[in-house]
Structure formats: C-alpha cells, structure tokens
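Shown next, in structure tokens, is the structure this report addresses.
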Amino acid sequence: MMKMRNNLVAILTALLSVVMVLSLFSGCARKRRQRRPPPLPHPAAVVPELQGMTPEEAAVALARHMLRLGRTVTTDEARWADRVRPGVIVAQSETPGARLPRRSAVEITVYRPAGREYGDVPDVQGMTYAEAVAALDTAGFLVGDVTWRHIDQQQLHGLVYVQTPGPGVRAKRWSKVDLGVYGPAAEGFVRVPSLTGLAADDVPLVLAKHGLAQGEVTYEPAPCASLVGTVRAQSPGVGVKVKPGATVDITVYSR
C-alpha cells in the first residue's frame, strides 16, 4: 500500500513539473510576441499646392509627391476674371499639406471663361524677350519656338525682331506665338540642359535661356495619367555641347 502511494506521489509530481515547464515556455512566447515592434504604417503622400498651375504642371507636381491627377472640372465664374489667367487651376479637392495614401487622385477646377475663345495677337516686336512673354501672357497667348539670331550690335541683344503669327492676327487664345530674338555673337558652344520631367510648355523658355531652340516634338502614350504633357526624352542629351541657336528635339507623353 505504501509503495502504491509513493508511486502515485511520484506521478503527480512529474505531471506538475511538466505543467510548470509548459507554462514557463508559454509565458516566454507571449513576452516575445509582445516585444515584437508594431508594423510601420505605409508612408503617406503630402498634397502639394496646385492653384495657379496649368493641369500639365499639376500632373508633374502630383507625380513627384506620389499622387495622381484626378477629374478636371472647368469654371467660368466672373470672380476669377481679374485674379487668374484662363487655363490655370483655381481650386483643388484636397487641401495643400494634407496627407493621403499614395497614388490617391486629386481633382482640380480650371478657370476657362466663356466667349473668349479667340483674340488678336499683340505686337511684341521691338520688346525685350521678358516684355514679350509678359505681353503675350496678358493677351492670352503662350510663347512657342524661340529662334536666336546672333549679331554684333549689343544695343539690340535680347530684343524680339520677328513673331509668328504676326501682330493683329486673330488666333485661338492660349495658342503659341513663335519669336525671333537677337542675341550676342556666338563664340564656342553651350551645353544642352536637362528637359526630362518638365512640362512640355516650359521647354521653349528653358532652352531660350541657354541660347537654344525647341526642335521636333514626338509623342508617346503615357504609362499613367499623371505624366501626360511631360517630357520623356530629349535629343541631344543632357550636357552635350552644341552651337548656340541649335535645336533640341523632345519626346512628350500623351494620352
């Protein structure tokens, strides 16, 4: 009888030891799980300020912030007439500085007044290049190709000597006017600037600052809507030395 009692005590003691060991391991496992750091949240994208930009410029700005351009709404409200030029953004669906999940769409409202589809091209001949750009913008036109004629007469440098279409021609508003500008006599070479990622409408002005002009424009379907209207490639490439007045061809993303 005593032997059976001892055996029973031994069995109970062994079972109790096993339970204690399992409890210890379970507690350690729970502590390890609790100590594991929580997963990091997916980084959010910050909404940029889009008001005052063209839709093409907005698409580039949003792409740089890992966002995309959503629906575009137009307005012809008179309250914008004296505040912004037609074709620019006056409102956006998301507040600048707000945080959104990446690839979220931001809708925009663009001011396009009714009844002002055509206008008379102003006379900018004899103006400086900067004055011509301002006068065209005020009249509702954009600068197109800029051709530089290099001359020795320093007093004429920077002045517009020809424009196409000419003064007084009735043209569609926000169409482009090509300019011919006098520049200093060319010596040596200039390096081609980087155009990739720029809005196509900004290319002529960037090239003009380097004494160059825009050449042929080809189009290629964009992989996403946010890239429409931006430069994909250029020829000659960045940093290539060319003669002043040379042209640079570009490839632009299209719908």
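Output the antiparallel fraction of DSSP beta bridges having both residues in the stretch 188-255, as a percent to the nearest 5.
Expressed as a percentage, antiparallel bridges in the stretch 188-255 total about 50.
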request  = On each of the three principal axes of the Cα atoms of the stretch 188-255, give max minus min coordinate, whole Å, ordered largest first.
outcome  = 41, 17, 16
message = Taking only the Cα atoms of the stretch 134-255, how large is their convex hull per residue, in Å³?
response = 105 Å³
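What FRET efficiency comes out for residue 131 versus residue 105 if R0 is 35 angstrom and r is the Cβ-Cβ distance? Round to the nearest 0.05.
So the FRET efficiency works out to roughly 0.35.
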ask   = Based on Cβ point charges of +1 for Lys and Arg and -1 for Asp and Glu, what charge dipole magnitude is obtained for the stretch 45-111 about its Cα centre, in debye rounded to the nearest 20?
value = 320 debye
Computed FRET value (nearest 0.05) for residue 66 with residue 217, which takes r as the C-beta separation and R₀ as 25 Å = 0.35
remark   = Taking 224-236, 88-100 and ranking on average Cβ neighbours within 10 Å, highest first, one gets 224-236, 88-100
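Give me the dipole magnitude in Debye, nearest 20, for the stretch 188-255 about the Cα centre, with unit charges on the beta carbon: positive for Lys and Arg, negative for Asp and Glu.
240 debye
Using the Kirkwood radius over Cα pairs, work out the Stokes-Einstein diffusion coefficient for the stretch 73-159 at 37 °C and 0.692 mPa s, in µm²/s as a whole number. Don't skip to the answer; put the middle values down first.
Values: Rh = 16.4 Å.
After rounding, the answer is 200 µm²/s.
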key: Furthest towards positive pole of dipole, 211, 195, 221, structure part the stretch 188-255, Cβ charges   = 211
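Just the number, please: percent antiparallel of the DSSP beta bridges in the stretch 40-118, rounded to the nearest 5.
45 percent
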task = Provide the percentage of antiparallel DSSP beta bridges, counting only those with both residues in the stretch 101-255; round to the nearest 5.
result = 50 percent
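Given charges of +1 on the Cβ of Lys and Arg and -1 on the Cβ of Asp and Glu, with all other atoms neutral, how large is the dipole of the stretch 59-169 about its Cα centre, in debye to the nearest 20? Could you put the intermediate results ahead of the total?
Details: 12 positive and 12 negative charges, 170 e Å.
Computed charge dipole of the stretch 59-169: roughly 820 debye.
Every read-out reported here was derived from the displayed coordinates using simple, explicitly stated rules and does not represent laboratory data. A quick note: this is a predicted structure, and the numbers were derived from the prediction, not measured. Every residue, glycine among them, receives a Cβ derived from its backbone with ideal geometry; neighbour counts consider all protein chains shown.
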